[in-house]
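The values are calculated or read from the model by the stated rules, or taken from the named source; none is laboratory data. Note that this is a predicted model, so its numbers are computed, not measured. All Cβ positions, even for glycine, are placed from backbone atoms using ideal geometry, and neighbour counts span all protein chains on display. Protein only, heavy atoms only, side chains kept; ligands, DNA and RNA dropped before computing areas. Shrake-Rupley method; radii C 1.70, N 1.55, O 1.52, S 1.80 Å.
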Amino acid sequence: MSNENNGIPRTTPRQSYTFNQDVNSDIRRAAATGIYDIRGGGAKRKVPSFDDLLFMGASISRYPLEGYREKCDTSVTIGGLNASNPIELDTPVTIAGMSFGALSGPAKEALGRGASAAGTSTTTGDGGMTPEERGHSTKLVYQYLPSRYGMNPNDLRKADAIEIVVGQGAKPGGGGMLLGQKISDRVAAMRNLPKGIDQRSACRHPDWTGPDDLEIKILELREITGWKVPIYVKVAGARPYYDVTLAVKAGADAIVLDGMQGGTAATQDVFIEHVGQPTLAIIRPAVKALQDLGMHRKVQLILSGGIRSGADVAKAMALGADAVAIGTAALIALGDNDPKWESEYNKLGTTAGAYDDWQDGLDPAGITTQDPELMARFDPIEGGRRLHNYLSVMTLEAQTIARACGKNHLHNLEPEDLVALTMEAAAMAQVPLAGTDWWPGKGGSY
Amino acid sequence: MQTFDLADSDLRTLNSTLHAQNDDTNQTAWTIENPKGAHAIACGLDAPIEVTIKGSTGYYSAGMNQQATVNIKGSAGPGVAENMMSGKVVIDGDASQYAGATGHGGLLVVKGNASSRCGISMKGINIVVHGNIGHMSAFMAQSGNLVVCGDAGDALGDSCYEARMFVRGSVKSLGADCEEKEMRPEHLEILKDLLEQAESDAKPEEFKRYGSARNLYNFNIDNAY
Ligand SMILES: Cc1cc2nc3c(=O)[nH]c(=O)nc-3n(C[C@H](O)[C@H](O)[C@H](O)COP(=O)(O)O)c2cc1C
């Protein structure tokens with residue numbers, strides 16, 4: 001292409017910011033199919049996050065602890081409020097609920113192996129409890145979901161805690177989805193559904209609506225399990241102040257709060273990207289709700305949605321969380337999206353790191369699939385070891401930061417240890433913009 | 001016969017006593033006095049015992065029942081026999097919303113009427129209602145049989161899967177993807193058996209059968225709602 005047209009200089013071809021190549025490909029896909037895009041994973045857009053926060057570290061007024069030598073405790077007890085057997089964890093990094101169906105049996109086994117070796121808990125998901133994960137998890141949290149697939153009192157009594165799922169950060173207000181390709185005989189039997197159908201999990205619980213009913217539902221679950229195990233309530237990052245207040249009022253022993261970066265097995269892309277609030281934005285209102293009720297540290301707050309490193313763990317805890325949960329990061333530790341499968345990702349029209357068509361069940365890494373051949377590529381023992389390593393590193397990283405801030409327990413980290421790099425992050429985390437003693441909204445209601 | 005008076009004792013003691021019964025218990029008959037609408041009465045049972053509740057109950061009575069027979073000599077609050085696995089629950093009066101929700105097995109009999117969302121998300125349970133049922137009943141019902149000797153409200157069987165709905169009276173409206181189906185001899189057999197177990201004198205031939213049109217089983221834009 002010449003730079004001139006009959007002697008008149010051409011302007012450089014200019015792509016639109018509004019109608020960029022991503023947007024245009026979405027429009028072409030929609031026009032060709034007539035149906036929205038479904039995918040796995042969490043929000044891919046950039047949102048204010050823990051990356052926008054920094055720890056200040058020790059100084060003349062705060063003295064640090066010696067790395068490796070001075071103790072920095074990482075243990076946490078969850079659910080001591082009403083349960084006679086609360087959950088005791090060695091590290092505050094837990095494994096989030098991921099459904100059998102979305103993940104293969106061996107992948108669930110690996111999560112159990114890795115979590116148990118690291119002294120933490122793992123969580124079932126939509127579709128019920130599998131022997132693989134029960135057998136390999138010393139602490140297993142059993143999800144009580146709107147679909148109630150596979151729900152039964154025998155598994156309920158095998159659980160170390162029960163998690164009533166109201167919402168998920170990736171899709172607040174949406175139910176689950178498992179497309180026909182992944183409804184194998186085993187998945188179909190566990191869910192009591194015909195094989196091969198596109199299965200939609202309900203978005204609302206079938207037998208309770210609202211906080212007053214939830215309180216009675218919690219009573220029923222406690223009666224069935226003899227008041228032994230903690231009952232968590234999981235909510236999406238929608239209206240954290242009110243959701244946490246209502247969940248505590250209903251009698252929850254712990255709250256799981258999941259921000260919009262949180263992964264999902266499959267949902268509409270428009271839902272993932274446009275509904276819900278970023279993880280950074282939901283934590284302070286949730287902590288405020290607990291403090292207003294006098295329940296902070298009595299009802300534990302487990303934060304999830306885009307947690308990747310010990311730094312994220314330390315920041316979540318400094319802002320008031322008692323523990324965190326990881327989904328996507330755990331899958332990556334197991335081998336999801338590994339560049340070693342690049343040529344296979346290319347065949348699927350994608351590239352390592354961007355692969356998110358988990359709903360199709362064609363995962364080259366053999367994790368988000370029910371296909372026996374693909375599943376056989378994944379070794380649950382090796383996967384468990386990798387997850388254990390990763391959980392250990394996250395814990396060590398969080399301890400490194402805590403010691404640098406002079407704390408002998410991760411729970412002693414506090415907002416005062418943090419500064420923000422951007423106005424948005426300062427406003428959301430309610431910590432000073434770096435170099436100032438101010439944040440937007442300081443002195444406001446929360 | 002063991003008697004338990006909720007006016008003198010509390011729910012926890014009642015349920016833990018009932019939970020302590022196992023397959024070989026010889027204390028098989030229990031009566032509960034003064035239920036006074038309490039919630040979660042006799043939930044989570046798992047023994048071949050017969051429990052008679054002398055009055056009306058609150059939410060989730062006989063929830064997640066296994067093996068036991070629970071007779072409610074009054075009306076039942078929301079979610080009676082929710083997620084029942086096996087056994088039998090009989091309500092002399094009416095049942096509130098979500099009766100038999102997500103039940104996997106066993107038989108639920110309502111001698112009066114049942115409110116909205118009866119049999120919601122049912123997964124194998126059999127439900128027989130002598131009277132009428134409310135709107136959105138058998139919503140997303142997966143399997144099992146819902147038998148209604150009276151009338152059904154709006155949106156019966158919305159988004160249902162393989163559950164069968166049998167209605168003797170009128171159906172105000174059918175929900176998404178639910179249609180009337182042919183009544184075949186095997187269905188008449190199922191009905192006959194369930195009506196007998198539920199002590200109803202309705203005749204199988206008087207019923208119509210409803211079930212999934214299976215148009216929503218795979219995503220197809222022309223069938224989307
Ligand atoms: C493959 C996959 C399956 C999931 N399945 C469930 C589920 O069954 N129930 C649920 O409550 N959340 C489910 N989630 C969400 C996680 O529990 C958690 O909220 C989320 O993954 C946390 O965010 P992160 O992925 O950024 O760590 C799933 C997430 C993934 C990635």
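Things worth noting here:
- R0 of 25 Å, Cβ-Cβ distance residue A:60-residue A:437: FRET efficiency to nearest 0.05: 0.90
- Residue-averaged [θ]222 nm for chain A, counting only DSSP H segments that reach four residues, each worth -39500 (n - 2.57): -10000 deg cm²/dmol
- Local electrostatic count, residue A:441, Cβ distance below 15 Å [Lys/Arg +1, Asp/Glu -1]: +1
- Diagonalising the gyration tensor over the Cα atoms of the protein assembly as shown and scaling each eigenvalue by 5 before taking the square root yields semi-axes of 46, 33, 22 Å, largest first.
- Modelled label reach - residue A:342, point 7 Å along Cα→Cβ, the range A:366-380 residues with backbone N closer than 12 Å: none
- Rounded to 5, percent antiparallel among DSSP beta bridges of chain B: 15
- Exposure rank, largest accessible area first [B:170, A:392, A:201; 1.4 Å]: B:170, A:392, A:201
- Solvent-accessible area of residue A:177, all protein chains in place: 20 Å² (probe radius 1.4 Å, heavy atoms, ligands and nucleic acids excluded).
- Too-long pairs where the Cα-Cα distance tops 25 Å, listed order kept, from A:71/A:315; B:111/B:172; A:139/A:288; A:195/A:228; A:158/B:111; A:44/A:340: A:139/A:288; A:195/A:228; A:158/B:111
- Long-range HN-HN contacts of residue A:264 with modeled amide H, under 5 Å: A:41, A:42
- Two-site FRET efficiency, residue A:88 against residue B:205, from Cβ-Cβ distance with R₀ of 60 Å, rounded to 0.05: 0.45
- Alpha-carbon centroid distance for the pair the range B:92-123 / the range A:212-268, whole angstrom: 25
- For chain A, the fraction of 1.4 Å probe accessible surface lying on carbon and sulfur atoms is 54 percent.
- Surface analysis of the range B:2-202 yields an accessible area of 33 Å² per residue, using protein heavy atoms and a 1.4 Å probe.
- Applying the Karplus relation 6.51 cos²θ - 1.76 cosθ + 1.60 with θ = phi - 60° to the range A:186-198 yields 3J(HN,Hα) values of 5, 5, 4, 5, 5, 9, 6, 9, x, 5, x, 8, 7 Hz, where x marks Gly and Pro.
- Simple spin-label estimate for residue B:29 and residue A:385 gives 6.4 nm between the two label positions (7 Å along the Cα-to-Cβ direction from each Cα).
- Using heavy atoms of the protein chains and a probe of 1.4 Å, the accessible area assigned to residue A:88 is about 100 Å².
- Note on the protein assembly as shown: antiparallel DSSP beta bridges, both residues inside, total approximately 20 percent of the bridges counted.
- A full extension of the chain between residue B:173 and residue B:214 corresponds to an added length of 13.0 nm, given 0.36 nm per residue minus the alpha carbon distance.
- Distance between the modelled labels on residue A:409 and residue A:309, one decimal in nanometres: 2.7 nm (7 Å Cα→Cβ projection).
- Cβ-Cβ FRET estimate between residue A:20 and residue A:350, R0 fixed at 22 Å, reported to 0.05: 0.75
- Paired Rg and Dmax values of the range A:65-137, which use every Cα atom, in angstrom: 14.7, 46
- Accessible surface, 1.4 Å probe, highest first, among residues A:388, A:409: A:388, A:409
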